[in-house]
Each structure stands twice: as structure tokens, then as C-alpha cells.
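Written below as C-alpha cells is the structure these notes are about.
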Amino acid sequence: MSTVTAVLLLVALLAALVAAGVLLRARTGADGGRRSLERRFGPEYDRTLEQHGGDRESAHRDLRERVERYGRLRPLPLEAAVREHYAGRWATLQERFVDAPGQALADADELLTRIAATRGFPEPERREEQLAALSVHHPHQVGGLRALRHAARTQAASTEEMRTALLGARALFEELTAAASPVTGRPASGRHRAPHLLKPKGSGA
């Protein structure tokens, strides 16, 4: 092989490596895809970063694995009668909140996990997997379910904290039962604004 040929091959190889680097950089961004992940996951990005102790690389790996595993999931539609049934159950548990806030939260948790399973997300028995899948498709609302569960298992939670948790979880309920059932990754539009929950007995309201 002549020197000229060797040089040309080396130049071609270097050009290919540079092109590959540019393509990779375009796909992931100079910051390793941070901005893309932040846009996609919103508040879920910050929660995951905190969960990994600020280790951005580990948090990014966690989020990318969720997208790879659940990103292609296509939620199943709900029939109108099924949506109405779920809406009735939600209204009932809100009414029960007046006398039994803790039970209302437990009922809301059970209902949300059941609706998610009906839509095609992992079954309620696989709660962590279901949360991970929901975080990919409803990153702005899944925090409401986490807050609901936290309030339900925290014995020291005040009635107002439980009420706030139930109201926050309603955003996910609305997304999961929306007529068009969009998966936008954006905050709920408020098309079904939550009615003001009655204050529990003895609240002074």
C-alpha cells in the first residue's frame, strides 16, 4: 500500500469518526441529553435526580431505561360507560373523605391503579413497574399518585395534607379517564376541574 493511499484511508477514517461524533452529539446533546430528558419528564426528572443523590448520570440512565421499556406502550381506550363508572367511583370516594379521609385515599389509590391496568399499564400487583410506566406517559401527573400513597401511609399526616394529596391525584385520574385519552406528557389542562372537596367533620369549615 502506497503512502498516499494510507494517508487517504486515514483521512477517511477520521472523517467518519468525526461524523459519528457529530451525529451522537446531535442526538444526545452536549449535556448528555439532560435538556431532552428535562423536557420530557418535567418534575419527574427532578425527583429522579434527587432519588439518585444528585448523580446525573445514574438518573439519566434510569429515565432512559424507562423510556426504552415503556415508551412504546400504547394505552388502551376506555369505553364511555367505563369512564362514567370510574367517574362515579371517584365522586363517591370524595364524598367519603368527609367521614373517613384515610379510607378515601386508600380507595383512590386502588382505583387509580385499576384504571391504569385497564388502560394497559402494568397490573396493580406490580406497583413500581406501573409507576415507572406512568412516569413515562404522564410525568406531570404521576407525582400526585406518589403523594397520595405517601399521605396514606403516613400516620402523622394531617387531614389537610390528605385532602391536598387527594386533589393532586385527581389530575392523574382525569388524564387516565379523558375521553380522547391523550398521552401528551404535559400538565393536565384542567378540562375537568375538581370540585371543592367538603371539609372533614370537625375541620371548622
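Every read-out reported here was derived from the displayed coordinates using simple, explicitly stated rules and does not represent laboratory data. Since the structure is predicted, the reported quantities are computational estimates derived from the model, not experimental observations. Counting neighbours? That spans all protein chains shown, and the Cβs are built from the backbone with ideal geometry, glycine included.
Once the Kirkwood radius over Cα pairs is known for region 54-136, the Stokes-Einstein relation at 4 °C and 1.567 mPa s delivers a diffusion coefficient of 89 µm²/s. Label-to-label distance, R40 versus V82, with points set 7 angstrom from Cα along the beta-carbon direction: 2.7 nm. Working ranking of peptides 127-138, 33-44 by packing, defined as the average number of other Cβ atoms within 10 Å per residue, highest first, is 127-138, 33-44. Put a dot 7 Å past the Cα of R69, heading toward its Cβ, do the same for A100, and the two dots end up 3.4 nm apart. Once you have a ≥ b ≥ c as the square roots of the Cα gyration tensor eigenvalues for region 30-177, tell me rounded if a/c is under 1.5, and otherwise prolate or oblate according to whether a/b is larger than b/c. Cα axes put region 30-177 in the oblate bin. Extension gain for A156-R56 works out to 32.7 nm (0.36 nm per residue, less the C-alpha to C-alpha distance).
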